[in-house]
Structure formats: structure tokens, C-alpha cells
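Q: Structure in C-alpha cells, see below.
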């Protein structure tokens, strides 16, 4: 075997190194005083890994007989996932130090890194077997993360729902893959692409494959697991699932749709069109009536996935850039919101929206971050969310898809209504039902909130970011 | 002579029985067994396509092998989570696991 292949996988190797160090530390340092240094070490090592991904030049090309492929694009996608995981690490610490989870603190970081490795493989896969292994590596440990609060029934229930739904979806996806294999006799993307044509077996296999992947990013007919899991899982895990896991799923969908199934574009274009419209509308309508803030953000993230699909639909270069840009802004906005939620939940154990009544009076800074986050999600200028929505609508409109853009625009207005409900609760409603105490947010979480706030504001205003993503291209 | 179609009929029946079981069963373990049916039907599919249509390569068989390993891992995680559900809720009947429904 040619070991030089591994040089291509520098980011994966870096991640495995961080993973191994933390795992060994956790095994030998467990339950001793040395564990005090675990979290700083985990965050520092991972921050170095993230920075290295941005700074170090990465090789391009294929490895392992074309199974694994690395390009500027996949490196950028992995860097984005790294950024999300770094923010999750910063926000998770306070919750992990609580009584029920403190003894297993180290495991959380290790398991999260294991899922991240799976997502790397999803992004870099050039073979359906590797894609499948990546998806499973990303979703099996994620179920453990959802069930991490061992003493809470809701968390166990969320874990059970997540593992059953994700295995069902990967079973459906595998069934589709088996028919695609039967029709074409290969699993490699590059070999398959010229063989894809409009016949029953290919289309059937493709539909099953697509349904399985749509489960992962919770497009509408396949979204039912998302609100339950997001509500029951610990807040850090919810943030992880709604941001990083969804981003990886979107990338995998985008790459397979355009690199492999481009030839049957007329089949999936209308399918994805209908799902996009349904996802945006149903996500929005159900978000209006939610009383639990994590469930609320679950529906909000469902409708956001619909907006992302607007850019995936046409597969143009501008669409691709818009998708990556959208995910970057979405990552900062959602992580900011979940940072505030985690901060409130850790101290008061409350996740209902009423807990946020009068938050501005007691915790003005948290209220301000939350306001920026929901304004960015709703797409209010001059925050990043406005520009990301603008680019994604522009990319769809450039292809003449005016009806879809119109529906999406109307839904943006609807979404403004329910996002403003939170702002109203924080700034206008009387604070009686609220938490009524001044919270002391943990240091790392504060840093992550500052990073997110800077991200929300700067990504929109500093045009270099868009230029940088645009420069990477296909 | 058993042709490819015979195998495919069996695997399709297994797949849809699995889907039906996933929806209709009321016990978490039975749901897990239904999922195993789905995964096994896929593995039959891969092996059969490999054997009858593309016997010169081993890709399909390898996919089946990986699928078996992954479904074993998945069962382990799922059962661990179910044990935890049982500890907290004292049963694994789906109708009673409804804390997150509303």
C-alpha cells in the first residue's frame, strides 16, 4: 500500500491526533485533579487545528484510488465545520461541569471529534461507500451526544428517536445505493457520472438515496425527528446538530447532486423545488406556535435548511458560493442564539420562551446578543443574515426561478413575525414570568458569544469574506 | 435455476416488511429488529447485484461487509440508549415515550 496517500488527508490526520491526545488524557486523567486542564487543552488543541486548516496550504488531488478527494472547496467546507465545532466546545463546558455529567466530561469532546471525522469523510468522499461510512460515523456518535444527559428522561428519549430515525434513513439510503450499484456497477462518483441516465432503476435508486440524505438535513416530509431531538438533547448537542451536522449534510447533498446526478437534473430539480417550498413554509408555520425555545429554533432551522436548498437547486457557481456563505452566517447566528439559551438553561433549567420575558432588564448583554442573532436569522440589514439571504435569492433569481424566490421572500416576512416574538419577550413583556436573576455566564461561553457577535456583524460588512469564498469555487 | 429476480423479490419484501414494522411496532426493540431487516435486505441486494451482474469486481460484496459491521455498531449504540430509556421510564413501549411530543 502506498502510504503517501495519507499525506493527502492532512486535516483528517490532524483531527485524529487531537482526538487521540484527548482520548488518552481522558482515560488516564479521569477523576483526578488533572481533569481541570482538560477543557482548556481541548479548546486550545482544536483551535490550533482550526487555524492550521485556514493557514496551511492543503494538497489537492485524489487518494486511495480515487475514493477520497481533496480540493480547495472541500478544505473550505471542513474549515467551516471546524469553526462550528470550536464554538460548540466553548459553549458545552459549563453544562458539562454540572453534577450529572461532570464525571464523563472528557467523553463529550472525544465523541464530538469522532462525529467530525465522519463529516470530513462525507465532504471528501468520491465513492458512495466512503460517503455512507462517513454518514454513519457522523450520526451514530451524535445519538450518544443527544442521549448524553443520562439522568434526564427527555435526553434519553431524544437519543432513542435520533438513533432510530437516522438508521432508518441510512437504511433507505443504502437501499437506493444498492439499486444505483445494480444499474451502473460502480460506486465511484467519477465512473458513475457518465453512466447516469433516465431509466427506472437509476431513478428509483436516486429517489431512495435522496430521501435518506434529506432525513439528515431535515427537509420537510422527513423533518419529524428534528423538533423532538432538538428539544430533548442537551443544548450544546442541539447546537451541534442544527449547525455542524446540517452543514455537512448540505455539502454532501450539493456535491453528490451536481457531481454524480447532473445528468438526471430534470428529475431532482422538481423534487427539490417542491421540498424547498414545503420546507420553508411548514418550518415557518410551525415555528409560530412553539412555546419551547429549543423547539422553536428547531423549526426555525428547518426553514433555514429550505433557504439553503435555494442555492443547491441550480448548482451554479454563484449558488455554491451563496450556500457556503449562508452556512457561515447561519453558523454564527445559530451558535449565538444557542449560547444564550445554554447560558439561561444552565443556571435556571428553563427553556420556555416565557423565561426570556424581560431578559433585557436583568441581562442586557445576553439580550443584545440574542437580538442580533434572531435579527440575523430573519435577514435584517446590516447583519450578515441579510447579505446571505440576498446572495442566495440572487443566485436563484439569476436562473430565472422567480416564483421560488417570491415564495421564499414572502416567508422571510412571516419568519420576521416569529423571530420578533423573542425580541418582544426580551424587551417589552413584563419580567414577572422571566428568570429574574442576573446570570454569570461562564468565561468560554462569553468568548464564544463575542466571536459569534463579531461574526454576525463582520461577515456581512467585510466583503473580503464573500470574495474569499467566491475565489475558491468548484 | 434461481435467477437474480428471485433474490430481488425476497429482498424487496424484507425491505418493506422492515418499513412496515418500523411504523407499526410498539416496542423499541421490535423497531430495532425492523431496521435490521431493512439493512439486511440491502446487503442481499448488494451481494446479488455483484454476483450476477458484475462478477469481475468485488465492490458490492465489500459494501455488504461494511454494512454488516456498521449495523452491528448501530445496534450496540441503540441498545445502550434503550437501556437508558428503560432505566428512566421503566418501559420501552413507544406509546409511553411521549415526553417530547407536544
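The values are calculated or read from the model by the stated rules, or taken from the named source; none is laboratory data. Worth saying up front: this structure is predicted, and the values here are computed from it rather than measured. In this analysis, Cβ positions are derived from the backbone assuming ideal geometry, glycine residues included, and neighbour counts consider all displayed protein chains.
Residues are listed down the side, and each one gets a yes or a no for (1) modelled with pLDDT of 90 or more; (2) part of a helix (DSSP H, G or I); (3) within 23 Å of the chain's Cα centre (by Cα):
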residue	(1), (2), (3)
A:149	no, no, yes
A:169	yes, yes, yes
A:204	yes, yes, no
A:230	yes, yes, yes
A:241	yes, yes, yes
A:248	yes, yes, yes
A:256	yes, yes, yes
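Q: Let me ask you something else. In this structure, is residue B:81 within 10 Å of another protein chain (Cβ to nearest Cβ), over 18 Å from residue A:179 (Cβ atoms) and more than 14 Å from the chain's Cα centre (by Cα)?
A: Details: within 10 Å of another protein chain (Cβ to nearest Cβ): yes; over 18 Å from residue A:179 (Cβ atoms): yes; more than 14 Å from the chain's Cα centre (by Cα): yes.
It is true that residue B:81 is within 10 Å of another protein chain (Cβ to nearest Cβ), over 18 Å from residue A:179 (Cβ atoms) and more than 14 Å from the chain's Cα centre (by Cα).
Q: Going through the stretch A:92-106 one residue at a time, which ones are within 14 Å of chain B (Cβ to nearest Cβ) and crowded, with 21+ Cβ neighbours inside 10 Å?
A: Pass one, the stretch A:92-106, residues within 14 Å of chain B (Cβ to nearest Cβ): A:100-101, A:104.
Hits for the stretch A:92-106: nothing passes.
Q: Further, regarding this structure: Condition first: more than 7 Å from every other protein chain (Cβ to nearest Cβ) and modelled with pLDDT of 90 or more. Now tell me which residues in the stretch B:84-102 satisfy that.
A: First pass over the stretch B:84-102, keeping only residues more than 7 Å from every other protein chain (Cβ to nearest Cβ): B:86-87, B:90-96, B:98, B:101-102.
Hits for the stretch B:84-102 are B:86, B:87.
Q: Same structure, new question: Would you point out the residue of the stretch B:52-70, among those that are more than 8 Å from chain A (Cβ to nearest Cβ) and either without any contact (Cβ under 8 Å) to a residue 24 or more places away in the chain or farther than 19 Å from residue A:201 by Cα (or both), that is surrounded by the most Cβ atoms within 10 Å (Cβ to Cβ)? Talk me through it step by step, then tell me what you get.
A: At the first step, the residues of the stretch B:52-70 found to be more than 8 Å from chain A (Cβ to nearest Cβ) are B:52, B:55-56, B:58, B:61, B:64-65, B:68-69.
Narrowing the set further to residues that are either without any contact (Cβ under 8 Å) to a residue 24 or more places away in the chain or farther than 19 Å from residue A:201 by Cα (or both) leaves B:55-56, B:58, B:61, B:64-65, B:68-69.
Details: B:55: 9, B:56: 7, B:58: 11, B:61: 15, B:64: 22, B:65: 14, B:68: 12, B:69: 12.
It comes out as B:64.
Q: Now a separate question. Quick check: is even one residue across the stretch A:161-180 surrounded by 24 or more Cβ atoms within 10 Å (Cβ to Cβ), under 23 Å from residue A:337 (Cα atoms) and either away from every other protein chain (no Cβ under 14 Å) or in contact with a helix residue (DSSP H, G or I) (Cβ under 8 Å, 6 or more places away or on another chain) (or both)?
A: Within the stretch A:161-180 (the criterion being surrounded by 24 or more Cβ atoms within 10 Å (Cβ to Cβ), under 23 Å from residue A:337 (Cα atoms) and either away from every other protein chain (no Cβ under 14 Å) or in contact with a helix residue (DSSP H, G or I) (Cβ under 8 Å, 6 or more places away or on another chain) (or both)), the answer is yes, since at least one residue qualifies.
Q: Testing residue B:34 on (1) surrounded by 18 or more Cβ atoms within 10 Å (Cβ to Cβ); (2) facing chain A (nearest Cβ under 8 Å), one condition comes back false. Which one is that?
A: Among (1) surrounded by 18 or more Cβ atoms within 10 Å (Cβ to Cβ); (2) facing chain A (nearest Cβ under 8 Å), the lone unmet condition for residue B:34 is (2).
Q: Identify, by number, the condition in (1) surrounded by 14 or more Cβ atoms within 10 Å (Cβ to Cβ); (2) facing another protein chain (nearest Cβ under 10 Å); (3) closer than 18 Å to residue A:175 by Cβ that residue B:28 doesn't meet.
A: (3)
Q: Hey, does the stretch A:107-120 have a residue that's farther than 30 Å from residue A:347 by Cα and surrounded by 23 or more Cβ atoms within 10 Å (Cβ to Cβ)? Don't jump to the end; show me each part of the working.
A: Taking the stretch A:107-120 first, the residues farther than 30 Å from residue A:347 by Cα are A:117-120.
So of that shortlist, the ones also surrounded by 23 or more Cβ atoms within 10 Å (Cβ to Cβ) come out as A:119-120.
Looking through the stretch A:107-120, at least one residue is farther than 30 Å from residue A:347 by Cα and surrounded by 23 or more Cβ atoms within 10 Å (Cβ to Cβ).
Q: Further question on the same structure: Any idea how many residues of the stretch A:426-474 are under 20 Å from the mean Cα position of the chain (by Cα), over 26 Å from residue A:43 (Cα atoms) and surrounded by fewer than 18 Cβ atoms within 10 Å (Cβ to Cβ)?
A: 0
Q: Which of the numbered conditions does residue A:188 fail, given that it passes all the others? Conditions: (1) within 11 Å of chain B (Cβ to nearest Cβ); (2) within 21 Å of residue B:77 (Cβ to Cβ); (3) out of contact with any helix residue (DSSP H, G or I) (no Cβ under 6 Å at 6 or more places or on another chain); (4) at pLDDT 90 or above.
A: Every condition holds for residue A:188 apart from (2).
Q: Given the condition in contact with a helix residue (DSSP H, G or I) (Cβ under 9 Å, 6 or more places away or on another chain), farther than 21 Å from residue B:67 by Cα, more than 10 Å from chain A (Cβ to nearest Cβ) and not in a helix (DSSP H, G or I), answer yes or no: does some residue in the stretch B:9-24 qualify?
A: No, the stretch B:9-24 contains no residue that is in contact with a helix residue (DSSP H, G or I) (Cβ under 9 Å, 6 or more places away or on another chain), farther than 21 Å from residue B:67 by Cα, more than 10 Å from chain A (Cβ to nearest Cβ) and not in a helix (DSSP H, G or I).
Q: Oh, and also: Which one of the conditions (1) assigned to a helix (DSSP H, G or I); (2) in contact (Cβ under 8 Å) with a residue 40 or more places away in the chain does residue A:160 fail to meet, given that it meets all the rest?
A: Just one mismatch for residue A:160, condition (2).
Q: Follow-up question, since we're still on this one. Given the criteria within 12 Å of chain B (Cβ to nearest Cβ), part of a helix (DSSP H, G or I) and crowded, with 21+ Cβ neighbours inside 10 Å, does residue A:209 qualify?
A: On the way: within 12 Å of chain B (Cβ to nearest Cβ): yes; part of a helix (DSSP H, G or I): yes; crowded, with 21+ Cβ neighbours inside 10 Å: yes.
Yes: the conditions hold for residue A:209.
Q: For residue B:43, are the conditions met, namely being within 8 Å of chain A (Cβ to nearest Cβ), crowded, with 20+ Cβ neighbours inside 10 Å and without any contact (Cβ under 8 Å) to a residue 40 or more places away in the chain?
A: Numbers: within 8 Å of chain A (Cβ to nearest Cβ): no; crowded, with 20+ Cβ neighbours inside 10 Å: yes; without any contact (Cβ under 8 Å) to a residue 40 or more places away in the chain: yes.
No; evaluated as a whole, the condition is false for this residue.
Q: Which of the residues belonging to the stretch A:35-72 are more than 27 Å from residue A:90 (Cβ to Cβ) and in a helix (DSSP H, G or I)? Break it down stepwise before answering.
A: First, pick out the residues of the stretch A:35-72 that are more than 27 Å from residue A:90 (Cβ to Cβ): A:57, A:59-72.
Scanning the stretch A:35-72 gives a single hit, A:72.
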